[in-house]
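Notes follow the structure.
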Amino acid sequence: MSMIALITGATSGIGRATAEAFADLDYRLILCGRRQERLDELQEYLGAQTAVVTLNFDVRTWDEVEHAIRTLPDEWKAIDILINSAGNAHGMSPIQDGDPADWDQMIDGNVQGLLYVSKAVMPGMVERKRGHIVNISSVAGKETYANGAVYCASKAAVEAISTGMRLDLIQHGIKVTNIAPGAVETEFSVVRFKGDSERASKVYEGFAPLTPDDIADAIVYAVTAPANVTIADMTILAGAQAAATTIYRK
Ligand code: 8X3
């Protein structure tokens, strides 16, 4: 039987690109998101290629997460691969001007949500003594930049959780990979700047940003590595990028 992969944040960006790449590997897909129309579209589009189920829940609400995963049909319960891709930035400003509602969105979504989904999936992996968890962090988790303290903190937490998971799960035969992308052009900046697409497009001006497919390639590399190899951590920057905020623009 082919692998079963559960992907959060599957309706856009890195999550969606990973779903497409996994469909090419004939993995069976559990695609999770909050936008039903997009889930339906994915079900139709990728369902032509492989078996797909979609789950609509908010990663920030434990009851929703627990219920969605517990009530998966039996033939979908043995999840081999978990891709924690759901996450976002909300607002960008000096910390003293930050909006606590934005902070909640980032801490609840990027940290708590990742923990909740993992909590719902890990016990089964432990029981089966196999599994692979891939957490999508960010270069922002490795270096804090001005006006991004809380987003960077949320991603630094993802880095710490990835390491902690690797330490705790190794004895159960479960691999954990942390992937830290730099500038990837997705709806990320549009969300960060609250729909201001002009401001968002400036982020990617004058250089070629990463695409979600570039990150999906790295995820495929990590999850298809042989049993004797753990890809623990990958930082992937754009070709013109040297660090989070050091980008050579023309
Ligand atoms: C997104 C990368 O550098 O814009 O996580 O924060 S960055």
For the list (1) loosely packed, with under 14 Cβ neighbours inside 10 Å; (2) aliphatic (A, V, I, L, M); (3) in contact with a Lys or Arg (Cβ under 8 Å, 6 or more places away or on another chain), I need the number of the one condition that Ala146 fails. (3)
Residue satisfying all of: in region 135-150; more than 9 Å from the ligand (Cβ to nearest atom) and small (Gly, Ala, Ser); nearest to Asn178 (Cα to Cα) among these: Ala149
Condition broken by Ser189, with the remaining ones in (1) outside any helix (DSSP H, G or I); (2) within 12 Å of the ligand (Cβ to nearest atom) satisfied: (1)
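Per-residue answers, yes or no, for (1) at positive phi; (2) part of a loop (DSSP other than H, G, I, E, B); (3) of a type in the set (Lys, Arg):
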site	(1), (2), (3)
Ala21	no, no, no
Leu29	no, no, no
Arg38	no, no, yes
Gln49	no, yes, no
Arg60	no, yes, yes
His67	no, no, no
Gln105	no, no, no
Gly113	no, no, no
Ala120	no, no, no
Among the residues of region 26-41, is there at least one that is without any contact (Cβ under 8 Å) to a residue 60 or more places away in the chain, crowded, with 21+ Cβ neighbours inside 10 Å, β-branched (Val, Ile, Thr) and closer than 22 Å to Thr186 by Cα? yes
Of all residues in region 90-114 being over 23 Å from Asp63 (Cβ atoms) and polar (S, T, N, Q), which is surrounded by the most Cβ atoms within 10 Å (Cβ to Cβ)? Ser93
Given the criterion touching a residue at least 12 places away in the same chain (Cβ under 8 Å), buried (at least 20 other Cβ atoms within 10 Å of the Cβ), farther than 19 Å from Ala5 by Cβ and within 14 Å of the chain's Cα centre (by Cα), identify the matching residue among Ile179, Ile161. Ile161
Any chance Glu159 is assigned to a loop (DSSP other than H, G, I, E, B) and either at pLDDT below 95 or not hydroxyl-bearing (Ser, Thr, Tyr) (or both): no
Taking region 99-120, which residues are over 18 Å from Ala10 (Cα atoms) and aromatic (Phe, Trp, Tyr)? Trp103
Hits in region 195-208 (condition: without any contact (Cβ under 8 Å) to a residue 40 or more places away in the chain and either in contact with a Phe, Trp or Tyr (Cβ under 6 Å, 6 or more places away or on another chain) or over 20 Å from Gly9 (Cα atoms) (or both)): Asp196, Ser197, Glu198, Arg199, Ala200, Ser201, Lys202, Val203, Tyr204, Ala208
Residue among Ala17, Ala86 that is closer than 23 Å to Ser138 by Cα, in contact with a Pro (Cβ under 7 Å, 6 or more places away or on another chain), in contact (Cβ under 8 Å) with a residue 12 or more places away in the chain and among the aliphatic types (A, V, I, L, M): Ala17
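The values are calculated or read from the model by the stated rules, or taken from the named source; none is laboratory data. The shown structure was predicted, so the numbers you read here are calculated from the model rather than taken from an experiment. A quick note on method: Cβ atoms are made from the backbone with ideal geometry, for glycine too, and the neighbour counts reach across all protein chains shown.
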